[in-house]
Amino acid sequence: MNHLQDKTAVVTGGTRGIGRAVSLALAACGANVFALYARSRKNAESLEKEAESRGLHITTIRGDLSHEESYSHTVQQLHQACDHIDILVHSAASGVHRKAMELSEKQLKWTFEINFFAVHKLTRELIGKMGRGGRIIGITSPGGTHVIPNYAAVGSTKGAMEALFRHYARELAPEGIVVNLVCPGLVMTDVVKEVPELEKLLNITLEYTPSGILTTPAQVAEVVTFLTTDAAAQIVGQTIVIDGGKGLLA
Ligand SMILES: NC(=O)c1ccc[n+]([C@@H]2O[C@H](COP(=O)([O-])OP(=O)(O)OC[C@H]3O[C@@H](n4cnc5c(N)ncnc54)[C@H](OP(=O)(O)O)[C@@H]3O)[C@@H](O)[C@H]2O)c1
């Protein structure tokens, strides 16, 4: 597919895990991709190298989106580099993993800063560069609608994000900007590898996943890419679940 030739995409959290796969998939369809990240220069450099070796256009921009100064620096670079933006994918996320009753207000606020407020702030910042045919896609999680152990903070931010995106979808569809979310099941990325009792989580997930396999970053990226096609233009305000059927049994 080459349907994104001359299109510009911004992918937050675009250098690692799911976001990295999205950056590569959109660039492989011809997009000029700006992959944002917070800290890990190593991942950014390896993405830049991979893109170069494949002849893809990916530029990485470093900046913690939850901090005023680095946020401003990031958007300044985007404003300078992009006349228009066609696709905005929100994949960046972080957060404190605790039970709800062990979660302080400060920890919850910090998690909301990156997973919710930074999403809204960046969307409002860049919306003026988007127009008819534009796409905004959020990556949410089953924790936005279901209870996952120690996921009270991140799950709350995802639930809030889903509600906000329904409003985005309603408000922006008349302007030709299509908003959706994708919701992967468990995907083995760096952040998941650090989860306590990972083996137990994996066993339970696989036991309750009818397809019997975990979702991969590339599979999530393919669905995100499909949402950028003309064929998907009438999918508005939906959450597309990519979990091998696990949600059927939860
Ligand atoms: N993995 C799963 O099982 C799973 C399942 C469902 C949904 N999701 C969702 O999918 C998305 C991607 O998850 P992932 O597993 O691929 O995550 P990941 O591997 O941890 O990657 C997270 C990305 O977000 C960036 N980031 C984190 N904090 C940031 C901040 N304050 N400012 C700017 N960028 C920041 C990171 O930059 P650095 O590399 O510099 O830290 C990294 O590029 C998230 O929204 C997650 O909630 C994941």
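The values are calculated or read from the model by the stated rules, or taken from the named source; none is laboratory data. All figures in this text were calculated on a predicted structure; none of them were measured in a lab. In this analysis, Cβ positions are derived from the backbone assuming ideal geometry, glycine residues included, and neighbour counts consider all displayed protein chains.
Could you please let me know if residue 25 is modelled with pLDDT of 95 or more and touching an Asp or Glu at 6+ places or on another chain (Cβ under 8 Å)? So residue 25 passes the test. Of everything in segment 1-17 that is farther than 15 Å from residue 133 by Cα and more than 16 Å from the chain's Cα centre (by Cα), the residue that is surrounded by the fewest Cβ atoms within 10 Å (Cβ to Cβ) is 2.
Considering (1) more than 9 Å from the ligand (Cβ to nearest atom); (2) among the aliphatic types (A, V, I, L, M); (3) over 14 Å from residue 118 (Cβ atoms), the lone condition that residue 75 does not fulfil carries the number (3). Might you check whether a residue that is at pLDDT 95 or above, outside any strand (DSSP E or B) and of a type in the set (D, E, K, R) occurs anywhere in segment 133-145? Within segment 133-145, not a single residue is at pLDDT 95 or above, outside any strand (DSSP E or B) and of a type in the set (D, E, K, R).
The residues on offer are 208, 168, 151, and the sole one that is out of contact with any Leu (no Cβ under 6 Å at 6 or more places or on another chain) and away from the ligand (no atom under 14 Å from the Cβ) is 168.
Residue-by-condition table, conditions (1) surrounded by 15 or more Cβ atoms within 10 Å (Cβ to Cβ); (2) out of contact with any strand residue (DSSP E or B) (no Cβ under 7 Å at 6 or more places or on another chain); (3) aromatic (Phe, Trp, Tyr); (4) assigned to a loop (DSSP other than H, G, I, E, B):
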position: 168; (1), (2), (3), (4): yes, no, yes, no
position: 172; (1), (2), (3), (4): yes, no, no, no
position: 210; (1), (2), (3), (4): no, yes, no, yes
position: 214; (1), (2), (3), (4): yes, yes, no, yes
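Against the list (1) within 16 Å of the ligand (Cβ to nearest atom); (2) buried (at least 16 other Cβ atoms within 10 Å of the Cβ); (3) small (Gly, Ala, Ser), the condition residue 28 fails is (1).
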